[in-house]
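See below for the structure under consideration.
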Amino acid sequence: MKIFYSSLQKKHVIKKEVYNGKAHPYNDKVTRVDSILKAFRHAGNYEIIVPEILPYDAISNVHDEDYLHFLESSQNLKNDEIICPYVFPCDNRISRHEPFIPKRAGYYCFDAGTSLMNNTWSAAVASASTAYAAAIHTKKTGEPTYALCRPPGHHASKNMFGGYCYLNNAAIIAKYLLKSGSVMIVDFDYHHGNGTQSIFYDSSEVFYFSIHAHPLVEYPYFTGFEEEKGIDDGVNYNMNVPLMPLSSPSEYFKALLNGMNKAFQVMEPDYLILSAGFDIEAGDPIGHFNISIADFNRLGREFRAMNKKTIILQEGGYLVSALGGNVESFLSAFH
Ligand SMILES: [Zn+2]
């Protein structure tokens with residue numbers, strides 16, 4: 001199986017994040033990548049391909065220009081400088097003063113847990129490039145592909161970063177693939193993909209399906225409820241399946257397959273983009289669905305049986321010791 005990955009993605013290094021007023025180790029650790037690559041080396045039947053940098057208009061097709069210029073300006077930070085936004089202009093009556101790094105970085109951010117450093121932009125572009133190269137390959141050959149995206153993407157909206165995400169990799173390749181067929185994004189990260197939902201919320205071009213921890217109790221708290229079904233042309237092209245933490249694997253699979261059946265009644269897509277969040281894994285520090293390594297293989301088989309052209313994008317998954325094995329178990333169902 002072909003794997004897309006660039007070492008530039010490891011140069012985005014943030015050590016701490018703020019949670020409940022306290023500094024904690026940043027969950028999107030570089031060692032996540034090492035864990036996944038090690039599992040591929042151990043299994044032996046994966047070919048790792050370094051992607052070319054994607055065309056800028058593939059990114060600007062999804063994200064606002066001013067947001068991209070802002071993110072790009074993070075390259076000017078000093079080597080050891082980390083910017084963690086902590087003031088947010090939530091009241092939209094406040095007049096706009098030019099957002100800039102570092103003082104008004106909160107203009108383009110929705111949480112206090114995601115930071116910027118001077119390699120953030122190049123890592124985010126490299127991450128999007130892995131997704132883009134995977135999409136090109138699947139489009140050409142019909143083969144399933146996996147992009148080792150880091151930083152992840154599904155929390156990033158047109159003009160906001162957060163949840164460790166800066167560029168929305170799934171949305172970027174969805175726009176590209178739309179030229180050659182219909183697209184459904186299935187997001188099984190533990191957390192609702194608020195960014196992806198917002199990008200396609202008023203559109204029937206891309207169906208967004210998400211199964212995730214209930215926003216009553218889990219991040220991102222404000223979105224991911226069942227009643228969010230889309231607006232305007234997008235009505236019924238957005239489906240959320242929120243589950244309470246510690247749902248058993250059998251409940252999980254039942255809810256997923258029921259939901260997918262309903263989604264396929266609205267759209268039988270040519271392409272399936274999987275926003276593959278492995279923070280549903282047993283023991284994940286921020287996820288509580290208890291999906292085992294064997295369950296991940298079953299999950300892969302269920303998606304494989306849907307028989308669509310499939311691109312798998314890495315999203316969350318933070319238990320470094322188990323992540324690689326779980327990703328490999330999932331992917332092994334595709335070859
Ligand atoms: Zn997550």
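The values are calculated or read from the model by the stated rules, or taken from the named source; none is laboratory data. This one's a predicted model, so the numbers in the text were calculated from it and none came from an experiment. Every residue, glycine among them, receives a Cβ derived from its backbone with ideal geometry; neighbour counts consider all protein chains shown. These accessible areas exclude ligands, DNA and RNA; they are computed on the full protein's heavy atoms, side chains included. Shrake-Rupley method; radii C 1.70, N 1.55, O 1.52, S 1.80 Å.
Taking the range 144-176 as the range and being surrounded by fewer than 24 Cβ atoms within 10 Å (Cβ to Cβ) and basic (K, R) as the test, the residues that pass are K158, K175.
Any residue in the range 303-321 that is within 15 Å of the ligand (Cβ to nearest atom) and in a helix (DSSP H, G or I)? Walk me through how you get there before you give the answer.
Residues of the range 303-321 within 15 Å of the ligand (Cβ to nearest atom): 313-320.
Checking the rest, the ones that are also in a helix (DSSP H, G or I) come to 320.
Looking for residues that are within 15 Å of the ligand (Cβ to nearest atom) and in a helix (DSSP H, G or I), one finds at least one in the range 303-321, hence yes.
Cβ separations smaller than 7 Å between residues 6+ apart or across chains give the following pairs from the range 274-290 residues that are free of Cβ contacts under 8 Å to residues at least 40 places away in the same chain to residues that are more than 8 Å from the ligand (Cβ to nearest atom) and open to solvent by 10 Å² or more (accessible area, probe 1.4 Å): G283/L319; G283/A322. Closer than 17 Å to Y46 by Cβ, open to solvent by 10 Å² or more (accessible area, probe 1.4 Å) and not aliphatic (A, V, I, L, M), is that true of S321? So S321 does not fit the description; no. With respect to the conditions (1) among the hydroxyl-bearing types (S, T, Y); (2) over 25 Å from E72 (Cβ atoms); (3) open to solvent by 10 Å² or more (accessible area, probe 1.4 Å); (4) in contact (Cβ under 8 Å) with a residue 40 or more places away in the chain, T141 lacks only one, and its number is (4).
Matching residues to (1) farther than 21 Å from F110 by Cα; (2) open to solvent by 50 Å² or more (accessible area, probe 1.4 Å); (3) out of contact with any His (no Cβ under 8 Å at 6 or more places or on another chain):
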site: T196; (1), (2), (3): no, no, no
site: F200; (1), (2), (3): no, no, yes
site: F209; (1), (2), (3): yes, no, yes
site: A213; (1), (2), (3): no, no, no
site: L216; (1), (2), (3): no, yes, yes
site: E226; (1), (2), (3): yes, yes, yes
site: K229; (1), (2), (3): yes, yes, yes
site: Y237; (1), (2), (3): yes, yes, yes
site: N240; (1), (2), (3): no, no, no
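Okay, residues lined up against (1) outside any loop (DSSP other than H, G, I, E, B); (2) within 16 Å of the ligand (Cβ to nearest atom); (3) out of contact with any helix residue (DSSP H, G or I) (no Cβ under 6 Å at 6 or more places or on another chain); (4) on the phi > 0 side of the Ramachandran plot:
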site: H192; (1), (2), (3), (4): no, yes, yes, no
site: P242; (1), (2), (3), (4): yes, yes, yes, no
site: L257; (1), (2), (3), (4): yes, no, yes, no
site: E268; (1), (2), (3), (4): no, no, yes, no
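Taking the criterion of being more than 11 Å from the chain's Cα centre (by Cα) and within 25 Å of M244 (Cα to Cα), the residues of the range 178-199 that qualify are M184, Q197, S198.
Assess whether E72 counts as being part of a loop (DSSP other than H, G, I, E, B), of a type in the set (D, E, K, R) and open to solvent by 40 Å² or more (accessible area, probe 1.4 Å).
Values: part of a loop (DSSP other than H, G, I, E, B): no; of a type in the set (D, E, K, R): yes; open to solvent by 40 Å² or more (accessible area, probe 1.4 Å): yes.
No.
Could we say that Y252 is under 24 Å from F161 (Cβ atoms) and away from the ligand (no atom under 14 Å from the Cβ) here? In short, no. Taking the conditions (1) surrounded by fewer than 22 Cβ atoms within 10 Å (Cβ to Cβ); (2) closer than 18 Å to L167 by Cα in turn, K38 satisfies each one other than (2).
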